[in-house]
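Data block below; observations after.
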Number of protein chains: 2
Amino acid sequence: MLIGPDGRVHASAQAPTPVGDGPEAVVAAVRVFVRELAGAAEGIVTAAAGVVVPGEVDAAAGIARYSANIGWRDVPLGALLGEDLGVPVVVEHDVRAAGVAEVVLGSARGADDCVIVVIGTGIAAVLVSGGGPVHGATGLAGELGHIPVRPGGEICACGQRGCLETYASAGAIARRYARSGGEPSSAVEIVARLRSDPIADRIWAEAVDALADAVIILTMTMDPSVVVLGGGLAQAGAVLLDPLRAGVAAGLTWRLPPRIEISPLGAKAGRYGAAVLAWRSAGVTDFSAWTLE
Amino acid sequence: MLIGPDGRVHASAQAPTPVGDGPEAVVAAVRVFVRELAGAAEGIVTAAAGVVVPGEVDAAAGIARYSANIGWRDVPLGALLGEDLGVPVVVEHDVRAAGVAEVVLGSARGADDCVIVVIGTGIAAVLVSGGGPVHGATGLAGELGHIPVRPGGEICACGQRGCLETYASAGAIARRYARSGGEPSSAVEIVARLRSDPIADRIWAEAVDALADAVIILTMTMDPSVVVLGGGLAQAGAVLLDPLRAGVAAGLTWRLPPRIEISPLGAKAGRYGAAVLAWRSAGVTDFSAWTLE
């Protein structure tokens, strides 16, 4: 997205990530995409750019440290894209950027203590305490996808057992559905079959149960006022939200649950976060006029 | 303890809590105890006092809101003790005060991101992120004892199932040991029987496993540099620390574990925390000279 300092969207584009062709192909595709987007709107001069990527990110150095899915290591994305565009480039973790967007203009607007859970191919979270993000001692806070919610359970790609991500990510839902005898399908297709396909119902219920336990754990440890669900899977809407709210309330016997909301930003959260971070790097501090388009 | 601004201990005393006699008796006993302690050292003039209590505490108002164990509600301890002593009195939650002591002069000295887990009759934690404590939206952060580490597991006094506290607190260890056919014993007695009593070994291993999962969860979400174990059960030492470190390392396949240490403050953590908070309220900011006595 090409966004002005007032939040106005001047251009928008999407392109698939050529993951199968190796990390060099991804870097090359990102460079072409960003150059084209920067020139997509007549008369618009780019002041700064934000790019968000999965995996480990060294935001201060502008380096994409590692991504298992993409396969890259230590890619100096900030420097490469900065050369292409001739403007400062902010590099950030996709989920942290989405968290920034939720607090600045989404469901957690103004919340000092909140959690943003992003459910897509994997699961990650942004924890906000006292108005600031929790980074952790080594910058690895928020790895919610790898908390053991089913101790001794199914093995995760990370090598641990019973990780949240192994039950409740879009990838896990698709994999567990196919393994249970369902026709190979995406998580979105499986959600569309709820209430007419018992396998879909069971796999979905197990995913929601695991998510409910994760939200209970976050509530007990962090005590957020609101938990925002983002990422592709959150677009499932009420079939996710209703049983999740019920599961969390049922598991919290002696305290009120936090609000649980679906992100109004959806898949755009990462992009809006990138835009907010880019404009912040260019000196913009007031985003109160930004609305969602 | 009567402590100077330089950390020197001028007097120290202990008294049992008359819990069986109702909340009024506890308040009366605390008032007598504090008055006597304040006058216990010749020539020492009290500048401020800190008192730490379990349960819910409104530190800003100096009020002990609620304790299930003591049975009190809304006791204005700060005002009552302030009248008795004629100096400002800080009231704080015992576990939060212990956390303050660990960061100021214990195993977490200087750590900006750390977790203090206090294991006694129950289990609670102080989470520190970016140098400051995590309070949460309603002041209820750190309720580590009630995270569901064994989903669908044993029922907890709180009404939830599979809570950490149901497996790993001193009370749970004693209860589970007796229920498994062991002679009714305290957790300390059970620890003394390790390697000679198979029931003790099994109950202890299950407690340590549950704690390891909790530390893994905290590591994934908060990314602390150090996890400090305090409270009575932490005094078990190596029989706790060695298998816990091994369990956490085994469960973290793709990242290094945080340091895990036993609190050097032990049962004195809460008292040192009360002293630090009292001196802070009197304007002292430098505690670098304080050592443990």
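The values are calculated or read from the model by the stated rules, or taken from the named source; none is laboratory data. For clarity, every value in this text was computed on a predicted model and none was experimentally measured. All Cβ positions, glycine included, derive from the backbone under ideal geometry; neighbour counts span all protein chains shown.
Of note:
- Hits in the stretch A:154-173 (condition: in contact with a helix residue (DSSP H, G or I) (Cβ under 7 Å, 6 or more places away or on another chain) and either over 19 Å from B:Pro258 (Cα atoms) or more than 7 Å from every other protein chain (Cβ to nearest Cβ) (or both)): A:Glu154, A:Cys156, A:Cys163, A:Leu164, A:Glu165, A:Thr166, A:Tyr167, A:Ala168, A:Ser169, A:Ala170, A:Ala172, A:Ile173
- Selection from the stretch B:164-209 of residues that are of a type in the set (Gly, Ala, Ser) and in contact with a Gly (Cβ under 8 Å, 6 or more places away or on another chain): B:Ser169, B:Ala170, B:Gly171, B:Ala187, B:Ala200
- Filter result for A:Val34 (surrounded by 14 or more Cβ atoms within 10 Å (Cβ to Cβ) and in a helix (DSSP H, G or I)): yes
- Residue match in the stretch B:67-83 (condition: among the acidic types (Asp, Glu) and surrounded by fewer than 16 Cβ atoms within 10 Å (Cβ to Cβ)): yes
- The combined condition, being out of contact with any Cys (no Cβ under 6 Å at 6 or more places or on another chain), closer than 19 Å to A:Thr121 by Cα and not in a loop (DSSP other than H, G, I, E, B), is fulfilled by A:Gly20.
- Selection status of B:Gly145, within 14 Å of another protein chain (Cβ to nearest Cβ), in contact with a helix residue (DSSP H, G or I) (Cβ under 8 Å, 6 or more places away or on another chain), small (Gly, Ala, Ser) and buried (at least 24 other Cβ atoms within 10 Å of the Cβ): yes
- Verdict on B:Ser107 being more than 11 Å from every other protein chain (Cβ to nearest Cβ), surrounded by 24 or more Cβ atoms within 10 Å (Cβ to Cβ) and either under 21 Å from the mean Cα position of the chain (by Cα) or in contact (Cβ under 8 Å) with a residue 24 or more places away in the chain (or both): no
- The condition (being under 18 Å from the mean Cα position of the chain (by Cα), assigned by TED's automatic domain parsing to the domain that holds A:Ala49 and touching a residue at least 24 places away in the same chain (Cβ under 8 Å)) is satisfied by just one residue among A:Ile119, A:Ile70, A:Ile123: A:Ile70.
- For the stretch B:250-287, the set of residues classified as within 14 Å of chain A (Cβ to nearest Cβ) and more than 22 Å from the chain's Cα centre (by Cα) consists of B:Ala250, B:Gly251, B:Leu252, B:Thr253, B:Trp254, B:Arg255, B:Leu256, B:Pro257, listed by residue number.
- Subset tally (residues that are of a type outside the set (A, V, I, L, M, F, W, C), more than 17 Å from A:Asn69 (Cβ to Cβ) and surrounded by fewer than 13 Cβ atoms within 10 Å (Cβ to Cβ)) for the stretch A:9-31: 1
- Selection of the stretch B:193-208 for residues being without any contact (Cβ under 8 Å) to a residue 40 or more places away in the chain, within 16 Å of B:Leu240 (Cβ to Cβ) and surrounded by 15 or more Cβ atoms within 10 Å (Cβ to Cβ) yields B:Arg193, B:Ala200, B:Ile203, B:Trp204, B:Glu206.
- Every residue from the stretch A:266-293 that is part of a helix (DSSP H, G or I) and surrounded by fewer than 20 Cβ atoms within 10 Å (Cβ to Cβ): A:Gly266, A:Ala267, A:Arg280, A:Ser281
- Residue ID - surrounded by the most Cβ atoms within 10 Å (Cβ to Cβ), chosen from residues in the stretch A:221-235 that are farther than 28 Å from B:Ala125 by Cβ and touching a Leu at 6+ places or on another chain (Cβ under 8 Å): A:Leu233
- Among residues of the stretch A:151-185, those that are under 18 Å from the mean Cα position of the chain (by Cα), of a type outside the set (Phe, Trp, Tyr) and either buried (at least 20 other Cβ atoms within 10 Å of the Cβ) or at pLDDT 95 or above (or both), counted: 9
- Subset of the stretch B:37-89 [out of contact with any strand residue (DSSP E or B) (no Cβ under 8 Å at 6 or more places or on another chain) and within 18 Å of B:Val284 (Cβ to Cβ)]: B:Val45, B:Ala47
- Taking the numbered list (1) touching a Lys or Arg at 6+ places or on another chain (Cβ under 9 Å); (2) within 23 Å of B:Ala170 (Cβ to Cβ); (3) modelled with pLDDT of 95 or more; (4) hydrophobic (A, V, I, L, M, F, W, C) in turn, B:Leu81 passes all entries but (2).
- The stretch B:236-265, residues that are in a helix (DSSP H, G or I) and surrounded by 17 or more Cβ atoms within 10 Å (Cβ to Cβ): B:Ala236, B:Leu240, B:Pro243, B:Leu244, B:Arg245, B:Gly247, B:Val248, B:Gly251
- Only one of the numbered conditions (1) farther than 29 Å from A:Gly78 by Cβ; (2) of a type in the set (A, V, I, L, M, F, W, C); (3) within 14 Å of chain B (Cβ to nearest Cβ) is violated by A:Ala246, and that is (3).
- When the stretch B:134-167 is filtered for residues that are touching a strand residue (DSSP E or B) at 6+ places or on another chain (Cβ under 6 Å) and not in a loop (DSSP other than H, G, I, E, B), the ones remaining, listed by number, are B:Leu144, B:Gly145, B:His146, B:Ile155, B:Arg161, B:Glu165.
- If the condition is being more than 24 Å from B:Gly132 (Cα to Cα) and within 11 Å of chain A (Cβ to nearest Cβ), then the stretch B:207-242 contributes B:Asp209, B:Ala210, B:Ala212, B:Asp213.
- Flag if B:Arg65 is in a strand (DSSP E or B) and either more than 23 Å from B:Ala141 (Cβ to Cβ) or without any contact (Cβ under 8 Å) to a residue 40 or more places away in the chain (or both): yes
- Restricting the stretch A:110-131 to residues that are in contact with a strand residue (DSSP E or B) (Cβ under 6 Å, 6 or more places away or on another chain), over 12 Å from A:Arg96 (Cα atoms) and surrounded by 24 or more Cβ atoms within 10 Å (Cβ to Cβ), the residue that is farthest from the other protein chains (Cβ to nearest Cβ): A:Cys114
- Residues satisfying the stated conditions in the stretch A:95-108, i.e. of a type in the set (D, E, K, R) and either within 19 Å of A:Cys163 (Cβ to Cβ) or modelled with pLDDT of 90 or more (or both): A:Glu102
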